[in-house]
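Encoded as structure tokens, the structure appears first; notes follow it.
The values are calculated or read from the model by the stated rules, or taken from the named source; none is laboratory data. What you see is a predicted model; the values in this text were computed from it and never measured. Note that each Cβ is placed from the backbone with ideal geometry, even for glycine, and that neighbours are counted across all protein chains shown.
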Amino acid sequence: MTEKDAIRSQPTYSPLTFDAKGKFNLLIGCAQGIDALADMVIGAGETLDPSNTEILIGAGDYSDDANIFFGEKAYRNFDFLCSAEELLNAIPAVLDRMKMGMRLYVAGPEQFVWDVVAVAKDYGLLDEELHIEARGTYARRVTCSHCKANTENVITNIVDCAGCGLKLFVYDHFSRRLRAYMGFRVDAEVHGEFPAEVEVFR
Amino acid sequence: MIHKKIIPVAVTAIRELTPLIKEFTLTAQDGVKLPPISGGGHTVVVMPDADKPHKNPYSLVATSDDQSSYTIAVRREEMGRGGSIYMHDQVKVGSELQISTPANLFPIYKLAKKHLLVAGGIGITPFMAYLKDLPFLDGTLELHYSVRSLEHAAFLDELKDVMNDGLFVYAGEREDERVNLHKLLADQPLGTHVYVCGPTGMVDAVLKAAEELGWPSGAVHYEVFKAPETGNPFMVQLRESGKTVKVGANETLLEALENQGLEIDYSCRGGACGLCKTTVLDGDVEHRDFYLTDEEKSSNKLIMPCVSRCKSDLLALDL
């Protein structure tokens, strides 16, 4: 896809970089996102103060590299949880005791990252306070533009809507409000005419 | 484009709030309805009958329920250029003035989870309008109000009436009686926005503390109107119209241009809004505004004529 064809709402990501202006850091990583956090910690070096940093990771074994950087330093808090869902549930309690001056770093599968962003926005975080990187599966949450139901973990270009059952074309338009890509009836022009279903989002 | 409308008003009430602050009720003539205001909005008051036509920006304190009048509060500035003295000494009930349509350079960020208002002295005025726009939910609104002494605290009774727990007044001289801005900003929950209006020293202290504590710049709001200060006189060459204009020591460049009949768009007349930005062709600009970036200032190609002046004897403008 060329630059010109790109859908402007589709998020783009770059590797996390540490923002030394923050006084406290909260690092949240899910599955392969844990490696993304480790990369950032390595890059930050001495500028990242472990005693002002809390880490909340889970849903995957982390690599030896990550182990070195997360396991051996005296972070103010370090929690390892078993699933993305447990991670998401643990976040509000942490944000409740955080103060202005915090920077939040989130890495993991795209769907997870935007779920965390939604929680952060509920707490009034501005984009300046929020650093994100998608790493891991790009499986999509798809909102049906006809029945509004969400279909989770979509990896194919065409999917059966979990709500109304229509075959949906999974489009690149991404809604930050709904945290989902848009899907619309694939055979809207000629009913019953379906292109081949292929895996595209890994 | 000049998008300003001048509205004729009459003074219908004057209230002495403190020994130095008077509140004026400005009522539109002929039953005209005034535009609605939002917390933080201001208007420019034009004093046409003064010996020189002052145009001073004032925060809007309130609007009447029927939209027929606004109230403003004016502090008497002995060291100012005369506008506030004129308001205090010459303006009476029945006096006729003009005001500009309101603009707002200091709006409330409605998505904030908590609003932390920091006022110093006459800097309380925009917050009086804020309080009408903000919901009074416990823990989501605090006003920290510093004054020289309680005698100088305008609107104190009104504030006590409308605010529950969130009002903190600092009226002491001692260090431990004054607001500790660093401590205040160090202990705020996520989603807090701070708004400061007061003397330059107080605004600077909030900006400094916020930066040191890692606050994102988007959560820090400040009103930076600054009364234009006097300076050395200089000559201005208007290359487009071929005129040469003298700017006196006690006059701003914008006023001198207006006296020549030039219509220059403006809103704040305090170096904040950017509307009067003018292209410089020659001369050494003395920047006194808050609007231009450091890069723009050092390029010496732009000037905000409402506050800025010229260090050299001659300034050439593209007008």
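How many of the residues making up region A:165-202 are of a type in the set (Phe, Trp, Tyr), touching a residue at least 24 places away in the same chain (Cβ under 8 Å) and not in a loop (DSSP other than H, G, I, E, B)?
The first filter runs over region A:165-202 and keeps only residues of a type in the set (Phe, Trp, Tyr), leaving A:169, A:171, A:174, A:181, A:184, A:194, A:201.
From what is left, the residues that are touching a residue at least 24 places away in the same chain (Cβ under 8 Å) are A:171, A:174, A:181, A:184, A:194, A:201.
Now drop any that are not not in a loop (DSSP other than H, G, I, E, B), which leaves A:171, A:174, A:181, A:184.
Number satisfying all stated conditions: 4.
At least 1 residues that are within 19 Å of A:Asp127 (Cα to Cα), in contact with a Gly (Cβ under 9 Å, 6 or more places away or on another chain) and more than 14 Å from every other protein chain (Cβ to nearest Cβ) in each: list the strands (runs of 3 or more DSSP E) lying fully within region A:13-96 that qualify.
Numbers: elements: A:24-30, A:53-58, A:77-81.
In region A:13-96, A:24-30 are the strands (runs of 3 or more DSSP E) which contain 1 or more residues that are within 19 Å of A:Asp127 (Cα to Cα), in contact with a Gly (Cβ under 9 Å, 6 or more places away or on another chain) and more than 14 Å from every other protein chain (Cβ to nearest Cβ).
Restricting attention to strands (runs of 3 or more DSSP E) lying wholly within region B:63-173, give those where 3 or more residues are crowded, with 17+ Cβ neighbours inside 10 Å. I'd like the intermediate steps shown before the answer.
Details: elements: B:69-75, B:96-100, B:114-120, B:141-146, B:167-170.
Passing ranges, in order: B:69-75, B:96-100, B:114-120, B:141-146.
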Quick one: B:Ala119 ticks every box in (1) modelled with pLDDT of 95 or more; (2) more than 17 Å from the chain's Cα centre (by Cα); (3) not β-branched (Val, Ile, Thr) bar one, so which box is it? (2)
Return the residue satisfying two criteria in turn: it lies in region B:231-280 and is surrounded by fewer than 14 Cβ atoms within 10 Å (Cβ to Cβ) and of a type in the set (Ser, Thr, Tyr), and of such residues it is modelled with the lowest pLDDT. B:Ser241
In region B:158-194, what residues are within 14 Å of chain A (Cβ to nearest Cβ), touching a strand residue (DSSP E or B) at 6+ places or on another chain (Cβ under 8 Å) and not acidic (Asp, Glu)? B:Leu181, B:Leu184, B:Leu185, B:Ala186, B:Gln188, B:Pro189, B:Leu190, B:Gly191, B:Thr192, B:His193, B:Val194
Leading residue by the ranking (farthest from B:Phe106 (Cα to Cα)) among those in region B:265-288 that are touching a residue at least 60 places away in the same chain (Cβ under 8 Å) and touching a Cys at 6+ places or on another chain (Cβ under 8 Å): B:Asp265
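Of the residues in region A:105-124, how many are facing another protein chain (nearest Cβ under 9 Å) and closer than 20 Å to A:Asp79 by Cβ? Quick ask: steps written out before the conclusion?
Looking only at region A:105-124, we keep the residues that are facing another protein chain (nearest Cβ under 9 Å), and these are A:120-124.
Within this subset, residues satisfying the condition of being closer than 20 Å to A:Asp79 by Cβ are A:120, A:123.
Going through region A:105-124 one residue at a time, the tally reaches 2.
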Which one of these is of a type in the set (Gly, Ala, Ser), surrounded by fewer than 16 Cβ atoms within 10 Å (Cβ to Cβ), more than 14 Å from chain B (Cβ to nearest Cβ) and touching a strand residue (DSSP E or B) at 6+ places or on another chain (Cβ under 7 Å): A:Ala162, A:Ala188? A:Ala162
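Would you mention how many residues in region A:104-138 are on the phi > 0 side of the Ramachandran plot and either within 8 Å of the chain's Cα centre (by Cα) or crowded, with 21+ Cβ neighbours inside 10 Å (or both)?
The first filter runs over region A:104-138 and keeps only residues on the phi > 0 side of the Ramachandran plot, leaving A:108, A:124, A:136.
Next cut, either within 8 Å of the chain's Cα centre (by Cα) or crowded, with 21+ Cβ neighbours inside 10 Å (or both) only: A:108, A:136.
Qualifying residue count for the region: 2.
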What is the residue count in region A:17-57 for residues that are closer than 21 Å to A:Tyr138 by Cβ and either over 14 Å from the mean Cα position of the chain (by Cα) or in contact (Cβ under 8 Å) with a residue 60 or more places away in the chain (or both)? 13
For region B:281-298, the count of residues that are surrounded by fewer than 20 Cβ atoms within 10 Å (Cβ to Cβ) and either farther than 23 Å from B:Asn232 by Cβ or charged (D, E, K, R) (or both) equals 9
